[in-house]
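Below is one structure, written out as structure tokens; comments come after it.
The values are calculated or read from the model by the stated rules, or taken from the named source; none is laboratory data. These figures come from a predicted structure and were not determined experimentally. Positions of Cβ are backbone-derived with ideal geometry, glycine not excepted, and every protein chain shown enters the neighbour counts. Heavy atoms of the whole protein, side chains included, go into the accessibility calculation; ligands, DNA and RNA do not. Shrake-Rupley method; radii C 1.70, N 1.55, O 1.52, S 1.80 Å.
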Amino acid sequence: RIVRIPPPVLSSRQVREMQEAAEAAEVEATEAPEMPHGWPVGGIYTCEKEDERAITVAKRFEVNVDKLVQINKVTYPGLNKTVPLRAGTLLRLPLPLAHDQAKESWFEPAQAILNKLMSARHSSIFAAPVEWDEPDSGMEDYPFIITQPMDLGTVEGKLLSDQYRTVDELAADVRLTFGNAMAYSPSEDAVHAQAAKMLAAFESHWRGLGLDKLEAAIKKQAVVEAPKKHKKKRAMFNKVVAIEGGGENKPGLYFVLHYIPDMEWCHLCEMRQVGVFPDTYKNG
């Protein structure tokens with residue numbers, strides 16, 4: 001007996017595996033950018049002499065010194081631009097400026113805005129993660145209200161360690177920082193008022209440096225490049241299928257009661273005419 005059933009429907013696991021395979025192939029097809037002459041293997045530089053400084057290393061390899069300091073601060077908490085380094089110190093280098101021109105067009109203005117915000121009066125309450133779990137904080141409900149915590153210190157760290165691909169991602173985190181404060185604190189609270197003031201200052205600086213136009217252009221481009229959404233295939237439940245080779249005494253149609261995509265299997269129920277429908281019956 002030959003049964004014509006609906007075509008197999010991919011499960012979410014199969015779709016995810018196909019997407020991961022496509023992304024891996026795309027990464028392999030992308031050629032790595034050519035690095036400057038003398039670039040250390042793996043982007044890890046070993047200080048060759050005593051008293052070498054981060055600022056001299058940055059000039060030597062044409063990288064942003066602030067990024068160089070930030071991405072190595074986890075290993076060396078006391079690191080800054082001019083602190084002397086011992087011979088043999090390992091430094092992870094950010095991408096050279098020449099390889100990051102698109103980001104460099106907004107990196108410095110964005111960093112300048114962050115510096116203004118973090119140096120503003122009362123900005124310290126937004127500079128670090130909210131310590132809601134401290135004893136007697138009275139903020140035990142914070143994680144239930146604020147599901148995406150953010151602070152200016154984290155934003156700065158992400159900026160300097162190249163975690164923002166586009167300027168709109170940075171703007172979203174800054175707005176999230178102040179939005180969280182206003183969402184958690186009552187409107188009459190001083191923190192709410194300060195967050196609103198800081199958000200207004202950010203938007204003013206953002207427009208003043210023209211980053212709002214760049215942000216809008218990026219979002220518009222993302223909409224243009226977004227793949228067209230295909231209509232999701234409906235699960236093949238309660239569908240009618242035809243059966244071939246059933247013989248004269250077998251019904252020509254079966255009803256699909258259950259359909260399991262991963263197993264490519266369905267349970268069929270025979271459809272038989274019971275009684276006679278009048279000619280005037282609209283669905284007859």
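For this structure, a couple of remarks:
- When all protein chains stay in place and ligands, DNA and RNA are ignored, the 1.4 Å accessible-area order of GLU134, GLU52, largest first, is GLU134, GLU52.
- Once the Cα gyration tensor of the range 111-151 is diagonalised, semi-axes √(5λ) in Å: 25, 12, 6
- Listed peptides 201-209, 70-78, 164-172 appear in the order 164-172, 201-209, 70-78 once ranked by packing, highest mean of other Cβ atoms within 10 Å at the front.
- Distances between every pair of Cα atoms in the range 101-190, grouped in 5 Å steps from 0 to the bin holding the largest one, split as 3, 13, 23, 23, 17, 11, 7, 3, 1, 0 percent.
- Computed on the Cα trace of the range 65-221, the radius of gyration divided by the Kirkwood hydrodynamic radius gives Rg/Rh = 1.01.
- Largest-first ellipsoid semi-axes for the range 135-184, taking √(5λ) over the Cα gyration tensor eigenvalues, angstrom: 25, 12, 8
- Here the accessible area is traced with a 1.4 Å probe on the protein chains. For the range 62-213, carbon and sulfur cover 54 percent of it.
- In terms of accessible area, using a 1.4 Å probe and ignoring ligands and nucleic acids, ILE55, ILE125 rank largest first as ILE125, ILE55.
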